[in-house]
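A quick write-up on the structure given underneath.
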Amino acid sequence: MHLQLVGHRFIMTVVAAVVLSFSLIVTSSMAMGDEELSQSNTPSSVDLATVPLDPDDFPEPGYQLAQAGDIEFSGLKFAWSDGGDVIAWEDIANGYEHGYTAVHVLLSDRGDSRSEPLASVTTYAIGFDSPDLARSAGQTLLEIAGYGPTAVVDGVTVYEDITGVLGYRSIDHFLVMVQYASADQQFADQQITEDWTSESISELVRDTGERLDLAIERVEHGEDSLGVANVMFHGPDAAWTLPWIYYPNTEHYRVLDGETLPYGGELDSDVAGATPGDVDDLFVSRQQVGQEGYEHLIDVTLASFDSEEAAAAFAAEPLPIVFPPTWRFEVSFSGTRELDDGARLERAVTRGDELQASGYRTVHLDGAVVQVVQWLASGNALVSEEAMLWLTDRQSACLDALPKPCAPIAQEELPAAIDERGAPGDQATPGAGLPLDNVLASPRFGWQIPIPDDGWSIVEIELFTHAEYFQLQSGPSLLTVESVVDRHGDPQQCVLDNLALLETHEERAVIDLGSDDPEERAAGIEQDRGWAIYTVEPLQEERADQEYTIRYDCYTLVEDEASLVVTHTAPRSAWVEERDKGDRFRDGIDLPAFSAGIATTPLDGDEQLTWRTRTMGVSRIWIPLAA
């Protein structure tokens, strides 16, 4: 019924095409067959996001940021190769602690994110549990991939072939690796660029190593670095590592060394004003969490400023997080409330073509540091105020613990398990699922409807972790009851939404407002309730005898969030006789108090998240079962 984070970001096309096709890296299936080698990163006290170089430092101009983020061992193995000596992989896995990678691309048109990528530069900074393993890991990776021979250029080990050039060196417990790969070079018989050579890649590796040295020194001096204070989730439904082809996550500095880094498809003019004034350190992250990849979108901004005045100005009106240009959306905020610790809590809603979602945002000011946490739920999901405050507390605790790094959170620690779906109810047996007291009841939203004695039988039930859909039949009448997460909870808009669905499903039909009874009111709107009646006349010859009348009734369940939708359908010729059944059914609807917007925290209890199935978002279009 509603869009699910629908923008297929070109960034992932770039990453897939460049990193997994154009690069020196040999890729293959994610199925590695040795799951025991996969583990989560340990938190790094070194801010690895500051290590990759700015594109201005590259020997060839024009590169832009494609994506950057943490990389776990499984991601490295997937990107590198699933072949090679198992013992060699075990040596790396046993000592692997954490990693970070950044991908920069050269597009054929810098202002067009969908233009052809010509080349890529990928930087790795990988931490191990010993300097010895860091020194041997680079050569091990090359041997696994079958690269060789290598040469040493100014202390950097370099491998070069016709498709590109790669260099690496170890620094303390870390391995630094930089690779250049060209799409054009894959089909060339000689090197066609003079910019990327063994000497230039060696210089980049050395310069990257110097940035790593500075990051290590900051830790040794006890300096705070916002990049290690970002709360992240890990688990099978929490995409937080690279490379991810289908569930991308970006976690990086957009501002580096005081300069705003353009993404692929942006020009310098496009990023003007993206950086808050007098900012000293800015870290932004985005993470998608959910079994289907995109149900929950969590954005975190951590910023420190030169002065408390500048921080206060930013906290009063935070700049939106500017992520890749192919997927941007505007979020509106309302219902501002101050929390006990002085933070600000706001409702957040976006209803654009790119995304329909709702949730919360918190803004916390502490001296010259600002923390902004935004949690949006789309499609099948909802997020409650309690869950938002829980996440905010965890992020605040990480910020307060600096310079100690923030440990990632297992998704099981969320207020409700991300992958908890519940089992579907009995979906096809007439009468199944009917409560003993003949009352339909919602375990999540609290509504109740006694079943009138009009011969109704339940013909379908769908129950998935507190999402509800019931279908009942009585003679030629069909009635549906559904809790719909529509992101507005507005009865009038709800009726219009259902009309739009009807028009989509009955694109070859005449749809008129009202029934054949001129005395019957065709539509109406009241507080927290709206309805409309439509007569549908299919134009297909084979459906000439399938004209029907359908009534939609919408009730506010959760203000700005959810609606109760009741539909009653009957053959057009039988509507006048059948409509009283619908009236008696609707007369018994008992809504909870918060349906009128009274409650400030409508979703309470231990479980703070809920999902609906994709199919439950589409109202069932009735086809006559009886003449």
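The values are calculated or read from the model by the stated rules, or taken from the named source; none is laboratory data. Predicted model, so just to flag it, every value in this text is computed and none were measured. Here the Cβ positions follow ideal geometry from the backbone for every residue, glycine too, while neighbour counts run over all protein chains shown. When the accessible area is computed, the model is the full protein with side chains, heavy atoms only, and any ligands, DNA or RNA have been set aside. Shrake-Rupley method; radii C 1.70, N 1.55, O 1.52, S 1.80 Å.
In the stretch 154-183, the residues that are touching a residue at least 40 places away in the same chain (Cβ under 8 Å) reach residues that are among the basic types (Lys, Arg) with C-beta atoms within less than 7 angstrom, at least six apart or across chains, in these pairs: Asp154/Arg206; Gly155/Arg169; Val156/Arg169; Val156/Arg206; Val176/Arg169. Scan the stretch 543-564 for residues that are outside any helix (DSSP H, G or I) and either closer than 13 Å to Ser515 by Cα or among the charged types (D, E, K, R) (or both) and the total you get is 11. Comparison of Ile201, Ile216 shows that the only residue that is part of a helix (DSSP H, G or I), closer than 30 Å to Pro61 by Cα, at pLDDT 90 or above and open to solvent by 10 Å² or more (accessible area, probe 1.4 Å) is Ile216.
Results for (1) among the β-branched types (Val, Ile, Thr); (2) crowded, with 18+ Cβ neighbours inside 10 Å; (3) without any contact (Cβ under 8 Å) to a residue 60 or more places away in the chain, shown as yes or no for each residue.
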site: Ile298; (1), (2), (3): yes, yes, no
site: Thr301; (1), (2), (3): yes, yes, no
site: Asp306; (1), (2), (3): no, no, no
site: Glu309; (1), (2), (3): no, no, yes
site: Phe314; (1), (2), (3): no, yes, yes
site: Ala343; (1), (2), (3): no, yes, yes
site: Asp353; (1), (2), (3): no, no, no
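All but one of (1) outside any helix (DSSP H, G or I); (2) within 17 Å of Phe283 (Cβ to Cβ) hold for Ala310; which doesn't? For Ala310, the exception is condition (1). Among the residues of the stretch 569-616, those that are at pLDDT below 50, polar (S, T, N, Q) and open to solvent by 50 Å² or more (accessible area, probe 1.4 Å) comprise Thr600, Thr615.
Results for (1) assigned to a loop (DSSP other than H, G, I, E, B); (2) of a type in the set (A, V, I, L, M); (3) at pLDDT below 85, shown as yes or no for each residue.
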residue: Leu376; (1), (2), (3): no, yes, no
residue: Glu412; (1), (2), (3): no, no, yes
residue: Arg444; (1), (2), (3): yes, no, yes
residue: Ile449; (1), (2), (3): no, yes, no
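Being open to solvent by less than 20 Å² (accessible area, probe 1.4 Å) and on the phi < 0 side of the Ramachandran plot: is that true of Leu391 here? For Leu391, the condition - open to solvent by less than 20 Å² (accessible area, probe 1.4 Å) and on the phi < 0 side of the Ramachandran plot - is met. Determine if the stretch 257-275 includes at least one residue that is farther than 25 Å from Asp366 by Cβ and in a strand (DSSP E or B). Yes - at least one qualifying residue is present in the stretch 257-275. Applying the set (1) out of contact with any helix residue (DSSP H, G or I) (no Cβ under 9 Å at 6 or more places or on another chain); (2) buried (at least 17 other Cβ atoms within 10 Å of the Cβ) to Ala544 leaves exactly one unmet item: (2).
Suppose the filter is in contact with a Phe, Trp or Tyr (Cβ under 6 Å, 6 or more places away or on another chain) and surrounded by 19 or more Cβ atoms within 10 Å (Cβ to Cβ); does Val373 pass it? Judged against the criteria, Val373 is not a match.
Would you confirm whether any residue within the stretch 525-542 is part of a helix (DSSP H, G or I) and more than 30 Å from Ser378 (Cβ to Cβ)? Spell out the reasoning first.
Of the residues in the stretch 525-542, the ones part of a helix (DSSP H, G or I) are 541-542.
Filter once more, keeping what is more than 30 Å from Ser378 (Cβ to Cβ): 541-542.
Yes, the conditions are met somewhere in the stretch 525-542.
Quick check on Glu507: is it open to solvent by 10 Å² or more (accessible area, probe 1.4 Å), in contact (Cβ under 8 Å) with a residue 12 or more places away in the chain and assigned to a loop (DSSP other than H, G, I, E, B)? Judged against the criteria, Glu507 is not a match. Of everything in the stretch 152-164 that is modelled with pLDDT of 95 or more and open to solvent by 40 Å² or more (accessible area, probe 1.4 Å), the residue that is nearest to Leu212 (Cα to Cα) is Gly155.
In the stretch 20-37, the count of residues that are surrounded by fewer than 19 Cβ atoms within 10 Å (Cβ to Cβ) and modelled with pLDDT of 85 or more is zero. Can you pull out the residues in the stretch 109-151 that are in contact with an Asp or Glu (Cβ under 7 Å, 6 or more places away or on another chain), among the polar types (S, T, N, Q) and at pLDDT 90 or above? Scanning the stretch 109-151 gives a single hit, Thr140. Checked against the criterion of being assigned to a loop (DSSP other than H, G, I, E, B), among the small types (Gly, Ala, Ser) and either open to solvent by less than 20 Å² (accessible area, probe 1.4 Å) or more than 22 Å from Val46 (Cα to Cα) (or both), the candidates Gly167, Gly138, Gly148, Gly127 yield just one match: Gly148. Of all the criteria given as (1) touching a Ser or Thr at 6+ places or on another chain (Cβ under 8 Å); (2) surrounded by fewer than 18 Cβ atoms within 10 Å (Cβ to Cβ); (3) outside any helix (DSSP H, G or I), the one not satisfied by Gly111 is (1).
Test Gly475 against the stated conditions and say whether it is farther than 22 Å from Trp575 by Cα, open to solvent by less than 50 Å² (accessible area, probe 1.4 Å) and touching a residue at least 12 places away in the same chain (Cβ under 8 Å). No: the conditions fail for Gly475.
When you look at Phe283, is it free of Cβ contacts under 8 Å to residues at least 40 places away in the same chain and assigned to a strand (DSSP E or B), yes or no? Break it down into steps so the answer makes sense when it comes.
Working: free of Cβ contacts under 8 Å to residues at least 40 places away in the same chain: no; assigned to a strand (DSSP E or B): yes.
When the stated conditions are applied, Phe283 does not pass them.
Of these, Gly75, Gly99, which one is assigned to a strand (DSSP E or B), under 28 Å from the mean Cα position of the chain (by Cα) and more than 16 Å from Tyr263 (Cβ to Cβ)? Give the steps one after another, and end with the answer.
Numbers: Gly75 fails: assigned to a strand (DSSP E or B).
Every option except Gly99 fails the conditions.
Considering the stretch 114-123, the residues that are open to solvent by 10 Å² or more (accessible area, probe 1.4 Å) and part of a strand (DSSP E or B) include one that is nearest to Val165 (Cα to Cα), namely Leu118.
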